[in-house]
1. Can you compute 3J(HN,Hα) from phi for each residue in the stretch B:48-54, using the Karplus curve 6.51 cos²θ - 1.76 cosθ + 1.60 with θ = phi - 60°, rounded to whole Hz and x for Gly and Pro?
2. Between residue A:396 and residue B:70, what is the spin-label point distance in nm, taking each point 7 Å from the Cα along the Cα→C-beta axis?
3. Taking each residue of A:384-396 in turn, how many C-beta atoms of other protein chains fall within 10 Å of its C-beta, and what is the average?
4. Could you sort the residues of the stretch A:283-299 by number and keep only those whose accessible area is reduced by 10 Å² or more in the all-protein-chain setting relative to the chain alone, 1.4 Å probe?
5. What are the membrane-span-like helices in chain A by this rule: whole DSSP H runs, Cα extent along the axis at least 27 Å, mean Kyte-Doolittle hydropathy at least -1.0?
6. Of the heavy-atom accessible surface of the protein assembly as shown (probe 1.4 angstrom), what whole percent is carbon and sulfur?
7. Other chains' Cβ within 10 Å of B:164-170 residues: what's the mean?
8. Using a simple charge model, +1 on the beta-carbon of Lys and Arg, -1 on the beta-carbon of Asp and Glu, nothing else, what dipole does the protein assembly as shown show about its Cα centre, in debye to the nearest 20?
Amino acid sequence: MSMSLLGIVFGISFFVVTQAQTSGFEVFFIRTILGTNGAIRVSDKFQDMDGTVSKVSYNGSESFLFRSRENARYIEGIEYPQLVREALREFPEVSGISEIIEGSAILDSGARKHTVQIHGLRIKDHIMVSELQNQLIQGSIDMLDTDRSGVLLGSSLAERLRLSQGDRVSLIGGTENQQLRVAGIFETGVSQIDKTRIYLDLSTARSFIGKPFGGSIFQVSIQAPEKAPELAAQMQETLGHRVVGWQEREKVWLEVFKALRLSSAITVSSILLLSGLGMFNVFAIMVIEKNRDIAILRSIGFTPRDVSAVFLWQGAIVLLGGIILGSLSGFLATYGISKIPLRIRGIFSTDSFVVNWDPSHYIWAIAIATVFVSVASWIPARRAAKIEPAKIIRESL
Amino acid sequence: MTKESLNTNDILIRAEQLKHAFIEGESKVQALRGVSFEAKGSEVTAIVGQSGCGKSTLLYLLGLLDRPESGEIHLKGRPMAKATDEERTALRNESIGFVFQFHFLIKELTARENVALPLRKSGVGERQALEQADELLNRLDLGEKAKRYANKLSGGEQQRVAIARALANSPSLLLADEPTGNLDSANSDNVFELLMKFAREKDIAILLVTHNPELAERCDHCIPMRDGLIV
Ligand SMILES: Nc1ncnc2c1ncn2[C@@H]1O[C@H](COP(=O)(O)OP(=O)(O)OP(=O)(O)O)[C@@H](O)[C@H]1O
Ligand SMILES: [Mg+2]
């Protein structure tokens, strides 16, 4: 029985720890991606808006019907930024709008070259829709604001090109080569971004790319990021532009995280399952070993319910002990892990283990343990209750 | 109506045409073929007969541990066939005490805890139940051994503890299946005397299965059985 208790303690504690880790990385990823690419992006304009989205009202609550956009024809980018911006302002949930023009080029530091993704934007607007200000590890936002030829580089990019603040670089591949000065270096934590992205002034970027008007996208921040899908659908309908929430944009990654979390939950649950089986085994043997005692108790007037209660109580005590000790050790282990200095450089980077504190991890662990322990004690308890005293007494004489 | 049933008041338990069979594989063993008798309070009735004649089977039916194939048992005038399992279980606790050939004590418990069990079941608090158990054990000369574990007692002592447990809830019916079968003559005499004493003192009807003709002789009544019938 103490083995089962130990198993339950371990099971619950592992469950909590692994969930805290996997969901910690997920939350970290979401935060990073929200802080970098924003909650909602408005891009290409549709040429026809017929029958793609329709609003239905049912019992006063509104919902939207979507149709495939695959065959819809569109014009690349936003044609009339001012109009779209004004339309977006009509949404009370919108807390910031940043116009971005995207393109690619080669950045030349003199000694080395690297392909980069240009993000031309107004820095004052952009810090409203991103965490860029916090992501800066060198330089400052203001410099980009005052200096039309300033550029912000992703940290890995800067490292590769051996660049730091104040260095001169040239951007190659546009209408004509553009001389720039490194105003700062940012690190988002998402390696793909840190490796290739540069931020520069919107008008500088426009003239480099050769698109003086139109063709841009909007990065929009909203007050409640979890409501992005509904809001994006609403915006898409009113704006006539493609509007995508971050959940849809990062769907692949979000699903990877979900699968990771689920698979670790299943793996760790097997510890709980094994403890449950062990417990079942102990109880099943106990019922057989104690059938004489059970028969005595029944002959004295104890009811089948009294008999099964003995087993259920034992199960409940072990479960309760397991829950308390397991949750506690899970909590402490999670705390301990969050303090482990660990440099991760992969899909994203962090300097310590990321953990997410969520009561639902504990609730799930407890629920799974409870199910296994209940089954493990309920079946033997029922067996014990069904023992016929006369039969046992006759047979043991 | 028979003559006896006129004064049913005194009659504690009455069996009517009890039949019981065991199915063993293909064959059917008819253990009881129609047993009728009655027993009154404060009387000790011996049930005797060859091995396999159905004595134990009869006792388990009377003790409501088993239901007869047919026939009826009246306990304190109440027909038992209709009683639910819950009612029968409650009656076992309140009105019936069992003593078996082997003492059937719970060895993880002390003597007094064993004796206190039926009291605990009927709702008596722990302390009071243990006090009552001590009292009973004292009367059975086991006062000093009340706190010993059941398996650390001699056979005779264990049987006396079993009797104390059977008596703990002041039952009106005590069923004893060869309670002395496992004891030497001195011990067996002692146990028998105790049973006689309690029957008189507490107005208990005792049914006693025994292979000892001498003891059977000393009982108030004797029911001789053969092949599932009273002869
Ligand atoms: N579980 C059982 N399955 C099949 N037959 C049984 C079972 N229990 C008892 N019997 C049979 O029923 C008959 C009566 O058995 P019972 O135990 O009542 O006899 P008894 O008079 O108590 O014998 P003993 O003096 O040896 O204890 C016997 O023939 C026995 O073999
Ligand atoms: Mg017998």
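The values are calculated or read from the model by the stated rules, or taken from the named source; none is laboratory data. Every value quoted in this text rests on a predicted model; they were computed, and no experiment measured them. FYI the Cβ positions are ideal-geometry reconstructions off the backbone, even for glycines, and counts take in every protein chain you see. Heads up: the accessible areas ignore ligands, DNA and RNA and are worked out on the full protein's heavy atoms, side chains in. Shrake-Rupley method; radii C 1.70, N 1.55, O 1.52, S 1.80 Å.
1. Result, rounded to whole Hz: 10, x, 5, 4, x, 7, x.
2. For the pair residue A:396/residue B:70, the computed spacing is 3.4 nm.
3. Numbers: counts 0, 0, 0, 0, 2, 8, 10, 3, 2, 12, 7, 0, 3.
Going residue by residue through A:384-396 and averaging, the value is 4.
4. A:290, A:292, A:293, A:296, A:297, A:298, A:299
5. On the way: long enough: A:2-37 (51 Å, 1.13); A:251-289 (56 Å, 1.38); A:304-338 (50 Å, 1.22); A:359-385 (37 Å, 0.90).
Those that pass (Cα extent of 27 Å or more, hydropathy at least -1.0) are A:2-37, A:251-289, A:304-338, A:359-385.
6. Working: 16370 of 30750 Å².
After summing per-atom areas, the C and S share lands at 53 percent.
7. Numbers: counts 0, 2, 2, 0, 1, 2, 0.
Per residue, the average neighbour count from other chains is 1.
8. Values: 70 positive and 72 negative charges, 137 e Å.
Around 660 debye, computed over the protein assembly as shown.
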